[in-house]
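Some notes on the structure that comes next.
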Amino acid sequence: MSNPSIAPELHDIAASFRWNAEHVLGDSSLLYQKLAYRVADDADLLALAAHAQPHQPPMNLLFGAVHYLLLRATDDPLKNFFPDLARKPNRQDDPFPIFRAFCLENADALAQLISSRRVQTNKVARCALFLPAFEWIARRVAYKPFALLEVGASAGLNLNWDRYAYAYGDGVFCGDADATVVLPSAVRGARPPLPQAFPRVQTRAGIDLNPMDVFDDDAMLWLRALVWPEQRDRAERLRRAIALAREFPPRVEQGDARTQVAAWARAIPPDTPIVLFHSFVLNQVDAAAREQYYAQLRGLDVERVWFDVAVEPQTWPARLSVTTRATQTTLALCDHHGRWLEWIEHAAAV
């Protein structure tokens, strides 16, 4: 039952913590699930989470900010509950009293982080979802090289997707066997289209409101802090992806995709197919902003061939979709962390 002392303006934030605890965290972070249920009934912690910028997820920012401070701290009793920070994590005791005390003791630092940082997770494992979508597109453009733009690119780690390798189970492997970053993803049902050789990219770039520099250690620590504490394999993939990006730095420009995508597209040679891709970016803005983004693409010259690849969940599980001028095709249902996909390929007119 919800706490009646929680101010009405915090009710939506409380509901978001409770929804994530019920629908998202159970198979990803038992620690965060326990904490989220309790935060949902704690007026002080909800008020702290409320420092999040508009359209930013308060739960992710609160937990990320706490994790960030713990990663920087030499010692704190709360670390004993974090599987990625303790050699033998405490799974017996209730973590919430210590978590709450830590938050209140560090309220000023947490408020500053929550109000100034954004959720820019760079989950490179989602590239395992994008790869079959890129192959699906490549087949439709007769394997012509395409221009690639990641919307909401953060540090641009996903722009190195063709330097990663992919393991889809049952011995299905794509990419260089010696790749330092290998992304596993289970296939449910029909096998998705997978390439013999990766689709060719003529030019690639990213755009983000607040791009992150892969050579900025503090920015990369923030990315690390956004990885949930049980996901040590994901943290290791992130470390390897950052190291690879420092060898092959992605080009990410500051800008607002809602107004600047069209200008980028018009600078691409007219006979080059355009592929835009993004995940958990447009779901952070309202319907009017999403329409503004797609209106730019529809406003391009009618001869221009473009595809927009998206994992932007409005329902659960997430859907991998490709939008063109005329159709929107749901290619697959997928896990939000890229751990599995179920190929369905259903097209509808737009």
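Below is a table of values for the structure above.
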{"quantity": "Descending principal axes extents, the chain, alpha-carbon based, whole Å", "calculated": "59, 44, 39"}
{"quantity": "Estimated vicinal HN-Hα couplings, Hz - the range 63-69 in sequence order (Karplus 6.51, -1.76, 1.60; Gly, Pro = x)", "calculated": "5, x, 5, 4, 4, 4, 5"}
{"quantity": "Dipole-positive endmost among V39, P95, I114 within the range 8-116 (Cβ charges, Cα centre)", "calculated": "P95"}
{"quantity": "Inter-label distance, nm, simple model (7 Å from Cα along the C-beta direction), D216/T327", "calculated": "4.1"}
{"quantity": "Hz values of 3J(HN,Hα) by residue in the range 193-209 - Karplus curve (6.51, -1.76, 1.60), Gly and Pro given as x", "calculated": "x, 10, x, 6, 10, 4, x, 8, 10, 7, 8, 9, 7, x, 9, 7, 4"}
{"quantity": "Table column - 3J(HN,Hα) (Hz), the range 178-192, Karplus curve with 6.51, -1.76, 1.60, x for Gly and Pro", "calculated": "9, 4, 7, 10, 10, 10, x, 8, 7, 9, 9, x, 5, 6, x"}
{"quantity": "Lys/Arg +1, Asp/Glu -1 at C-beta; the chain dipole; positive extreme among L129, S154, S279", "calculated": "L129"}
{"quantity": "Sequence-distant residues sharing a close amide H with A153 (under 5 Å, placed H)", "calculated": "I207, D208"}
{"quantity": "Separation between Cα centres of the range 276-338 and the range 202-247, rounded to whole Å", "calculated": "23"}
{"quantity": "Residues of type lysines that K79 reaches as a straight line, Cα spacing below 21 Å, ignoring anything fewer than 8 places off in the same chain", "calculated": "K34, K88"}
{"quantity": "Inter-part distance where the range 48-76 and the range 122-178 are each reduced to a Cα centre, Å", "calculated": "30"}
{"quantity": "Helix 257-266 axis, angle to the chain major axis (alpha carbon atoms, nearest 10°)", "calculated": "20"}
{"quantity": "Tilt relative to the chain, helix 30-39 - C-alpha long axis, 0 to 90 degrees, to 10", "calculated": "60"}
{"quantity": "Those residues of the range 285-299 whose amide nitrogen sits under 20 Å from the label point placed on A205, 7 Å along Cα→Cβ", "calculated": "293-299"}
{"quantity": "Within the range 117-203: Cβ-based charge dipole about Cα centre, in debye rounded to nearest 20 (Lys, Arg +1; Asp, Glu -1)", "calculated": "360"}
{"quantity": "Shape call, the range 1-125: gyration tensor on alpha carbons, a/c limit 1.5", "calculated": "rounded"}
{"quantity": "Share antiparallel - DSSP beta bridges, the chain, percent rounded to 5", "calculated": "45"}
{"quantity": "Residues listed by number, the range 40-63, amide nitrogen under 15 Å from A7 label point at 7 Å toward C-beta", "calculated": "42-52"}
{"quantity": "Contact order relative to length of the chain, as percent, for alpha carbon pairs under 8 angstrom and 6 or more apart", "calculated": "17"}
{"quantity": "The range 1-69 shape via C-alpha gyration tensor axes, a/c threshold 1.5", "calculated": "oblate"}
{"quantity": "Proxy reagent accessibility, fewest Cβ within 10 Å first, across T259, T272", "calculated": "T259, T272"}
{"quantity": "Simple Cβ-charge dipole of the chain, Lys/Arg +1 and Asp/Glu -1, about Cα centre, in debye nearest 20", "calculated": "820"}
{"quantity": "Charge dipole (the range 8-116, unit charges on Cβ, about Cα centre) - positive-most of P77, A15, H51", "calculated": "P77"}
{"quantity": "Aspartates and glutamates whose Cα lies under 20 Å from that of K144, excluding same-chain neighbours fewer than 8 positions away", "calculated": "E135, D162, D271, D301, E303, D308"}
{"quantity": "Residue-span extension gain [T259 to R298] - 0.36 nm each, minus C-alpha spacing", "calculated": "12.7 nm"}
{"quantity": "Built amide H within the under 5 Å cut-off of L183, gap 5+", "calculated": "A165, Y166, A167"}
{"quantity": "Point-charge dipole on Cβ atoms (K/R +1, D/E -1) for the range 8-116, about Cα centre, debye to 20", "calculated": "380"}
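No value in this document is a laboratory result; all are computed from the given coordinates. Every value quoted in this text rests on a predicted model; they were computed, and no experiment measured them. Positions of Cβ are generated from backbone atoms using ideal geometry, with glycine treated the same way; all protein chains shown enter the neighbour counts.
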